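Participant: One structure coming up, written as C-alpha cells, with questions to follow.
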Amino acid sequence: MTQVKIIGGGLAGCEAAWQLAERNISVELYEMRPERKTPAHQTSDLAELVCSNSFRSDDKLANAVGILHEELRLCGSLIMKIADRHKVPAGSALAVDRNLFSTDVTKHIHNHQNINVIKQEVKYIPDNWQNIIIATGPLTSESLSNFFLKKNSDGSLYFFDAIAPIIYTDSVDMSYAWFQSRYNKVGPSGSLNDYINCPLNESQYKQFVGELIEADKKSYNEWEANTPYFDSCQPIEVIARSGPQTLRHGPMKPFGLNNPHEKNDEPYAVVQLRQDDISGQLYNMVGFQTKIKYGHQTDIFRKIPGLADARFARLGGIHRNTYINSPRLLSSDLSLLSDERIKFAGQITGVEGYVESTSIGLMSGLMMYNKLKMRRQIPPPITTAMGSLIQYITRKDYVKNFQPMNVNFGLFPPPPIPEGKRKIKGRDRKLAYATRALNDLDRWLGSMHDTQEASE
C-alpha cells in the first residue's frame, strides 16, 4: 500500500490523514507532543484548539466562513463532522466543547486502520522520504523551522497570536451580568441567550482602558522583538492603545444588548463571555487575548462588573506563529516548487483560522491522492471558498506583500449582476456569493468523481 507521511497532528494534519486513509492510502502521522511541548498547547491530544473554541459564523448563506463550513461538510470533512457533534451555544457561530472535540478527533485518527500515529519530533526531512505533507502549523518546532530556513532563506515569516482567558461560569456574578445574544439573534441552538454580558459604565470603561495600557506585559525574547501581530487577533492591550474608543467599537461594543438590571440605562461598554464546554461550566472572554502578566490579568479583569470573584481556568497568553511565503514557494497543487515530494497544509501556508486551516489540510490530502493515482490535480474554482483560499496562497503576484488571511468575500470574484439590475448589495449580494460557491463546488466534486470512475 502506498504510504504518505504527514508531519503535524493539528486540524490540517488530521484532516489530510483522514482524507487519504478513507481512500485506502496508508498514512504515518507524526506529532511531536508530548515528547516536545509548545508554549500554547495544554494536552497531548490531536487537533487541540488553542486560541478559541469558536469556528466563527455558521451562516452558509451570508458569511464567507459559513460557506467554507458547508463546503467542508460537502467534502466529507472529519473536522466539521466532529465540530457539529460537539457544538455548544454561540449565537449564529459554531463553537465547540474543545476538550470533547479534540478527544473525539484523536479517537477517530488512532482507530483508523490506515493511520499510524507516531509521537516524535521530525527535525528534518530525510532524503529517502517520499510523499510528504507538512502540516506543523503556527507552532512549528525550532529544528524544523531552521531546516526550512536553510533551504529557503526568505521563505519563513513570523507573527504573534494570542489566547483569551477562560472563566468558571459559577464564579460570574449574575446580579450584574446577564445572558443575551447580540440583537437577540437566534443561534443554532435555538437560544437568544448564548453569551454572558458584563456591562461597564463610562467611568468604569475609561478606568479599565487605562489599566490595560499601563499593565505590566510579559517581556519579549530576543527573537520576538520585531515580530508583528496578526491583525484580527491583536492583544486587548494593543487594541486599547490605538484609541480610547477603539474597544467600544471592537470586542467591547455594547450595541444590540439590553441590560435587564438597568432597564433605563444602556451599557457604555460590554465584555462578552462565550460558552467553552458542552456542560456550560466554562466561558471564555471574547476578544481578550493578552500578553499582560498573569498576576495583573486577574487584578484587572476582576474589576469588570460581574467578575469580582472570577475563577480562571486559564489565563490569557501569547505565542509566536510561523508561516511560509506560500506564493513564492508553492505551486497550485500545494507542493513545494523546490521539492515536489513535499506538500504543505494548514496555517503554515498563511491561512488564518480553524476552518481555513482544515480546508487546506483537506485539499492537500485530496491533491496528494490525485498525485499518487496520477490524476490531474485541479483545485476547486476560485468562486468557492476553498478555491479562493488556494488562489490566495499560491498566486505569484502576492509574493511581496503576503500576509496571513482569513476567508472573506474579498477573495472571491464579484458575483454576476442579474439582468435588469445595475448592482446587487447587502444580503442579496452575499446570497449570490454563497449560491454560486456551493453550486460550483458541487459541480467540481462531480467532475472529480467522474475522473475517478474513468480511471478505475
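The values are calculated or read from the model by the stated rules, or taken from the named source; none is laboratory data. All of these numbers come straight from a predicted model, not from anything done at the bench. All Cβ positions, glycine included, derive from the backbone under ideal geometry; neighbour counts span all protein chains shown.
Participant: Out of the residues in region 153-170 that are modelled with pLDDT under 90 and part of a loop (DSSP other than H, G, I, E, B), which is nearest to N193 (Cα to Cα)?
Facilitator: A164
Participant: Restricting to region 364-404, name every residue that is among the charged types (D, E, K, R) and either in contact with a strand residue (DSSP E or B) (Cβ under 6 Å, 6 or more places away or on another chain) or in a helix (DSSP H, G or I) (or both).
Facilitator: The answer is K371, K396, D397.
Participant: Of all the residues that make up region 418-436, how many are aliphatic (A, V, I, L, M) and at pLDDT below 85?
Facilitator: 0
Participant: Based on what the data block shows, is I342 in contact with a Leu (Cβ under 9 Å, 6 or more places away or on another chain) and either closer than 21 Å to I7 by Cα or buried (at least 18 other Cβ atoms within 10 Å of the Cβ) (or both)? First the steps, then the outcome.
Facilitator: Working: in contact with a Leu (Cβ under 9 Å, 6 or more places away or on another chain): yes; either closer than 21 Å to I7 by Cα or buried (at least 18 other Cβ atoms within 10 Å of the Cβ) (or both): yes.
Yes.
Participant: Here is a further query. Which of the strands (runs of 3 or more DSSP E) found entirely inside region 1-113 contain at least 2 residues meeting this: touching a helix residue (DSSP H, G or I) at 6+ places or on another chain (Cβ under 7 Å) and surrounded by fewer than 24 Cβ atoms within 10 Å (Cβ to Cβ)? Walk me through it before giving the result.
Facilitator: Working: elements: 3-7, 26-30, 54-57, 93-96.
Answer list for region 1-113: 54-57.
Participant: Taking the condition closer than 18 Å to I342 by Cβ, in contact (Cβ under 8 Å) with a residue 24 or more places away in the chain and part of a helix (DSSP H, G or I), does L144 pass?
Facilitator: yes
Participant: Looking at M448, is it touching an Asp or Glu at 6+ places or on another chain (Cβ under 6 Å), in the same structural domain as G137 (by TED's automatic domain parsing) and assigned to a helix (DSSP H, G or I)?
Facilitator: Details: touching an Asp or Glu at 6+ places or on another chain (Cβ under 6 Å): no; in the same structural domain as G137 (by TED's automatic domain parsing): yes; assigned to a helix (DSSP H, G or I): yes.
Spelling it out, it is not the case that M448 is touching an Asp or Glu at 6+ places or on another chain (Cβ under 6 Å), in the same structural domain as G137 (by TED's automatic domain parsing) and assigned to a helix (DSSP H, G or I).
Participant: Tell me yes or no: at least one residue of region 350-358 is in a strand (DSSP E or B), of a type outside the set (K, R) and without any contact (Cβ under 8 Å) to a residue 24 or more places away in the chain. Spell out the reasoning first.
Facilitator: First, the residues of region 350-358 that are in a strand (DSSP E or B): 351.
Retained after the next criterion (residues that are of a type outside the set (K, R)): 351.
Imposing the further condition that a residue be without any contact (Cβ under 8 Å) to a residue 24 or more places away in the chain reduces the set to none.
Within region 350-358 (the criterion being in a strand (DSSP E or B), of a type outside the set (K, R) and without any contact (Cβ under 8 Å) to a residue 24 or more places away in the chain), the answer is no, since none of the residues qualifies.
Participant: If you take the residues in region 171-230 that are acidic (D, E) and surrounded by 15 or more Cβ atoms within 10 Å (Cβ to Cβ), which one is modelled with the lowest pLDDT? Can you show your working first?
Facilitator: Step one: of region 171-230, the residues acidic (D, E) are 173, 194, 202, 211, 214, 216, 222, 224.
Next, only the ones that are surrounded by 15 or more Cβ atoms within 10 Å (Cβ to Cβ) stay: 194, 211.
Working: D194: 88, E211: 94.
Checking each candidate, the answer is D194.
Participant: Additional query: In region 38-88, how many residues are at pLDDT 95 or above, closer than 28 Å to T140 by Cα and of a type in the set (V, I, T)?
Facilitator: Within region 38-88, residues that are at pLDDT 95 or above, closer than 28 Å to T140 by Cα and of a type in the set (V, I, T) number 3.
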